[in-house]
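Trainee: Sharing a structure, written as structure tokens. Questions coming.
The values are calculated or read from the model by the stated rules, or taken from the named source; none is laboratory data. Predicted, not measured: the structure shown is a model, and the values here were computed from it. Using ideal geometry, Cβ is built from the backbone for each residue, glycine included, and neighbour counts are taken over all protein chains shown. With ligands, DNA and RNA removed, areas are computed over all heavy atoms of the protein, side chains included. Shrake-Rupley method; radii C 1.70, N 1.55, O 1.52, S 1.80 Å.
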Amino acid sequence: MGPKAASGFYLGRKPAALLALLLAALLLALAVLGALYGRCLQEVEELRAAAAPPSPTAGPEEEGAGCCPPAPSPSPGSTRPPGVWDNSRLPRALLPLHYELRLWPRLSPGQPGPFVFSGQVNITVRCAQDTATVLLHSSELELWGAAVRGPLLEGPDGGGGGGIEVAELWLKERQEYAVLELRRSLRAGGRYVLQLSFRGPLSENLDGLFLTRYTDQGQSSMLIASQLEPTYARTVYPCFDEPAMKATFNIIIVHHPSYVALSNMPAIDTSEMKDENGSLWTVTTFNTTLKMSTYLTAFVVCDFDYITRTERGNEIRIWGRKEAIKNGHADYALNITGPLFSFLEDLFNISYPLSKTDLVALPDFGAGAMENWGLMTFRESTLMYIPSDQFGSKKAMICLIVSHELGHQWFGNLVTMNWWNDLWLNEGFASYFEYIGASYIEPRLSLVSTKGASIIWMLSSFLTERLFIKALSSYLKAFSFSSVNQDDLWTHIQMVVDAQNEVQLPASVKKIMDSWTCQNGFPVLTFNLSTGIISQEQFYNKRTENNTTYNNTWIVPISWIRNGSAQPLVWLDKSSKMFPEMQISDSEHDWILLNMNMAGYYRVNYDPLHLKRLAQLLEKDPKAIPVVNRLHLIDDAFTLAQAGYIEIESAFELTKYLAKEDEIFVWYSVLSNLIPDNLENILNNYELYPFLKKYLLKRILPIYHYYASIIHQNVDALADDYFDQIHLEKLINTACWLGLQDCLNLSSELYTKWMENPDNEIPFTIKRTICCYGVAMGSDKEWDFAWKMYNHNNSTEIDKDIMLFAMSCTRESWLLYSIAASCGSHSSGMGGMSGDGESILGVRNRKDMIEQSIAMLMLHFSASLSSPALTSSRSFPWLPDGPLLPVPERVRIQCVFPNGSLQSHLGRGKSK
Ligand code: BES
Ligand code: ZN
């Protein structure tokens, strides 16, 4: 309704006059409405004043009661004069101390939509500066019944205080503010209560307070949960929605009696009440929270079961669908959560301050997990462990995710970043402790992930872990229940550094760390070993002339070894520096390696001669270099080659020794660099295939045979090994892709056994590969079986995806062609399937399936179709040597591209 014309387009004179008239009429209508509403507000206020103190525990009948139509939509902010409401940050005139919050999601089992919730909030604030304008966050909420009371009497009860009339309530939509303009100013020093009633939609879009549908024990059900980080609290209740504006909360949830309600704190009371229609509702009251940020408040209303255990007085409950709980899927999470809590408590020397913790597995959830204080929420697949699920690596993932969210209970919940620009303080530390905690539970899980976590890992390495944890503990204690920016952390670390003389730094902690956190990217160090000069420049994925012109410099800690012995840490604190102790002799026995244990967040570019020397060292004694460094040496070399810093030949030098490499870790890194998961790359590199085949086959044999024998004997031995699981798939897949006969035979054998007896299931990790090559090595019998399993009642989405992919691996051109040719109306009549009838394979031709197959087919073929290699069997290197598969280009044009299905499947090929 704002004067839109002003901002964009010109009006002729006649329409302008009309518009003016319209506006006048509108203004009049508004004035009348306004007067009515004003009177109405006044009446409500009088009512409230009579019933003071307003209590959110009052019956819901009173919500929306009185003469007011709910939320006479307040006038838009654009017509308002400039004011505090234009700032994106809340003014500090009012600071929230305590919320009395009552939420009532109107949901009953089986009820049809639309779904809404209503609520009431009383916020006690301390006034820091006189003000007659109250700003609160509110978004997507209808508001009414605004009232202000105070100043309250000092003392715990805080009674007293008359009403302060609210002249106007309006919304500043862009900033997501509700603005209360008062007739009198609130006075600095006083405490006041802001009161609002509100109503909002229960969306199904997984943020704010949302509803999701799921099935449990064969029945469809609904539940309500919340996701408020970063700024969705304001869509659930009007609040001061900034992380630093911490307060305590008394929360009440009104819900259908067949559900249980959960929030951050333990429930302390439940009672019953009737609504205006006489229906019964349960009122669950929760204990007062600690001082906390709004984004960490959380609400769940569901019909879940749980299992529980108490650890050091903290009652831990894992909630999930009844069938999942009954089948023991929550057991693993329950087993690790208690020990993880104790581990972190001991590490930080700070007790977890709550008496209960709920971890809820949501069938549908937008984030992977969320650390709400005392009520963590997870996607079901990231919390529930299915023992029969062959995908054993899930245990490790659950362990990492739980430990990440537990890390947040200290880093994030107890001590919170001041503002979202320091989000890395939350996430970086949680990611760091995710690994520390997880490797406590599962010792093989070691480093390291994101930039935030890597920078913290670097910090802890150059400080020594002892000083680092000491500093963190004092930082957490100093800032508990309040908020910080990164300088607060640096100050605390500096204090610990200054109080000792074991660790000497080249600059202040702040200066060193700012060079990492305030600049984009990270450096690549170029190391000239004959001069001992190390220089640094920003690393770019694609090096070009002009991107090297910025001269960002980092203060880089360099840990290094010479000939196998660790050397004292050195620092590179300018763009280039000479380290005489790092000059190397001509002897091939003299070698240096930088960045031990990956303690620094940078890549290293050695001169080619030295790379060669390291390569020779590896050929003589692969274990001369620790495994983490072997992995990163190779990874750095390939990354630098791809980015144009070094020649690819230098990188290949380092892989000559691989026949002697028995760590699947290192192999994984090599194979991921050489044969990225992205199929297109391989297809475009058809020239490379014969070379790779020759080069890699002889080197991969030893490790392949080692793992193939495990697959034959006892794959369960790998079941819990996260790395072996994901790495094994890559290894086997590569071996088959290279045409290793043993691998193809293994695939045939496992696939045939499965065909003969459904109990002979293929280990999940390698199922995609085995099925693909099982079908490729077989004929229509194997293909039919894949089709049968694709349609099997018990087959999950992942199973379907695997079988579909397997079908596209056949080397029987007529099978491929039969699917291709019968794609919908584009049927060319050459294949065995036609229209929607029975195919010659005896299977029903389901059009959607066919279309998906085409997409998968084209995934295999699209890139090579347009290449000159089309006529060579080498253009399909993933297939064993055999007859050429001439899929006509016509099929691609007619069937795939018109409906876009290729596009939609490209990203899915190999993802898990
Ligand atoms: N707090 C985050 C989720 C988040 C961050 C939501 C920022 C909204 C804005 C949570 O702790 C998290 O990091 N979740 C991860 C999974 C985790 C194990 C890495 C996620 O959701 O991807
Ligand atoms: Zn996180």
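Trainee: Just in segment 124-179: which trypsin sites (Lys or Arg not before Pro) are loop by DSSP and have at most 14 other Cβ atoms within 10 Å?
Mentor: Those satisfying the criteria are Arg174.
Trainee: Is the shape of segment 459-593 rounded, prolate or oblate, going by the alpha carbon gyration tensor and its root eigenvalues a ≥ b ≥ c, with a/c under 1.5 for rounded and a/b larger than b/c for prolate?
Mentor: Oblate, since a/c reaches 1.5 and b/c is not below a/b.
Trainee: Here's something else I'd like to know. For the pair Asp487 and Ser355, what calculated FRET efficiency results from E = 1/(1 + (r/R0)^6), where r is the Cβ-Cβ distance and R0 = 25 Å, to the nearest 0.05?
Mentor: With R0 = 25 Å, the Cβ-Cβ based efficiency is 0.15.
Trainee: Shifting gears a bit: At 7 Å along Cα-to-Cβ for each site, give me the label-to-label distance between Asp86 and Ser220 in nm.
Mentor: 5.1
Trainee: Calculate the dipole size of segment 224-367 relative to its Cα centre from +1 charges on Lys and Arg beta carbons and -1 charges on Asp and Glu beta carbons; express the result in debye to the nearest 20.
Mentor: In total the dipole reaches around 140 debye.
Trainee: If amide hydrogens are placed 1.01 Å from N in the peptide plane, which non-local residues have theirs closer than 5 Å to the one on Gly532?
Mentor: Ile584
Trainee: With only Lys, Arg, Asp and Glu charged, each at its Cβ (+1 for the first two, -1 for the last two), find how big the charge dipole of segment 351-500 is about the Cα centre; round to the nearest 20 debye.
Mentor: Dipole magnitude for segment 351-500 comes out near 320 debye.
Trainee: How large is the charge dipole for segment 413-521, taken about the Cα centre, if only the Cβ atoms of Lys, Arg (+1) and Asp, Glu (-1) carry charge, to the nearest 20 debye?
Mentor: For segment 413-521, the charge dipole is close to 120 debye.
Trainee: On to the next question. Treat each spin label as a single point 7 Å out from the Cα along the C-beta direction, and report the Ile648 to Glu154 distance in nm.
Mentor: Taking the simple label geometry, Ile648 and Glu154 are separated by 7.7 nm.
Trainee: Another question about this same structure. Which shape class applies to segment 162-240: rounded if a/c is under 1.5, otherwise prolate when a/b exceeds b/c and oblate if not, where a ≥ b ≥ c are the square roots of the Cα gyration tensor eigenvalues?
Mentor: prolate
Trainee: Using the eigenvalues of the Cα gyration tensor, what equivalent ellipsoid semi-axes result for segment 60-303 when each is taken as the square root of five times the eigenvalue, whole Å, largest first?
Mentor: Rounded to whole Å, the semi-axes are 31, 20, 17.
Trainee: Taking 37 °C and 0.692 mPa s as the conditions, I'd like the Stokes-Einstein D for segment 96-164 in µm²/s, using the Kirkwood hydrodynamic radius from alpha carbon pairs.
Mentor: 220
Trainee: Defining a contact as two alpha carbons under 8 Å apart and six or more residues distant in sequence, what relative contact order in percent does segment 60-303 show?
Mentor: 22
Trainee: How much length, in nm to one decimal, is gained on full extension between Ser381 and Ala367, taken as 0.36 nm per residue of separation minus their Cα-Cα distance?
Mentor: 3.9 nm
Trainee: Would you mind counting up the charge near Gln486? Only other residues with Cβ under 11 Å from its Cβ, with Lys and Arg at +1 and Asp and Glu at -1.
Mentor: Summing Lys/Arg as +1 and Asp/Glu as -1 gives -3.
Trainee: What accessible area per residue comes out for segment 386-507, rounded to a whole number of Å², with a 1.4 Å probe?
Mentor: Using a 1.4 Å probe on heavy atoms only, each residue of segment 386-507 averages 35 Å².
Trainee: Scan segment 529-598 for GluC sites (Glu not before Pro) in coil per DSSP, keeping those whose Cβ has at most 15 other Cβ atoms within 10 Å, and list them by number.
Mentor: Qualifying residues, ordered by number: Glu545, Glu588.
Trainee: Sum up the charges of everything whose Cβ sits under 14 Å from the Cβ of Leu375, counting Lys and Arg as +1 and Asp and Glu as -1, but leave Leu375 out.
Mentor: Taking every other residue near Leu375 into account, the sum is -3.
Trainee: Two decimals, Cα atoms only, Kirkwood Rh: what is Rg/Rh over segment 484-545?
Mentor: Reported Rg/Rh, Kirkwood definition of Rh: 1.11.
Trainee: Between the DSSP loop rule and a limit of at most 15 other Cβ atoms within 10 Å, which GluC sites (Glu not before Pro) in segment 594-650 are left?
Mentor: Glu647
Trainee: Then there is this: Between segment 311-351 and segment 485-531, what is the separation of their alpha carbon centroids in Å?
Mentor: For segment 311-351 versus segment 485-531, the Cα centre distance is 36 Å.
Trainee: Take every Cα-Cα distance within segment 235-335, group them into 10 Å bins from 0 onward, and report for each bin the whole-number percent of pairs it holds.
Mentor: With 10 Å bins starting at 0, P(r) equals 13, 34, 35, 16, 1.
Trainee: Related question: With viscosity set to 0.692 mPa s at 37 °C, what whole-number translational diffusion coefficient in µm²/s follows for segment 386-507 from Stokes-Einstein and a Kirkwood radius over Cα pairs?
Mentor: Translational diffusion coefficient: 214 µm²/s.
Trainee: Now a separate question. List the residues, sorted by chain then number, that are 5 or more residues from Ile307 or on another chain and whose placed amide H is less than 5 Å from its amide H.
Mentor: It is Ile318, by chain and number.
Trainee: Send over a whole-number figure in Å² for the accessible area per residue of segment 60-303, probe 1.4 Å.
Mentor: 38
Trainee: Right, something else. Strictly over 29 Å apart at the Cα level, which of Lys394/Lys451; Lys612/Lys698; Lys394/Lys694; Lys698/Lys781; Lys451/Lys694 would you flag in this model?
Mentor: Violating the 29 Å Cα-Cα cut-off are Lys394/Lys694; Lys698/Lys781; Lys451/Lys694.
Trainee: Oh, and also: Taking the dipole about the Cα centre of segment 386-507, with the C-beta of Lys and Arg at +1 and of Asp and Glu at -1, give me whichever of Ile441, Met458, Val503 is farthest to the positive side.
Mentor: In segment 386-507, that residue is Ile441.
Trainee: If you don't mind, another one. Can you list residues whose amide H is under 5 Å from Leu107's amide H, if they're 5+ apart or on another chain and H is modeled 1.01 Å from N?
Mentor: Answer set, sorted by chain and number: His256.
Trainee: How far apart, in nanometres, would the label points at Lys542 and Thr270 be if each is projected 7 angstrom from Cα along the Cα-to-Cβ direction?
Mentor: Going by the 7 Å Cα→Cβ label model, 6.0 nm.
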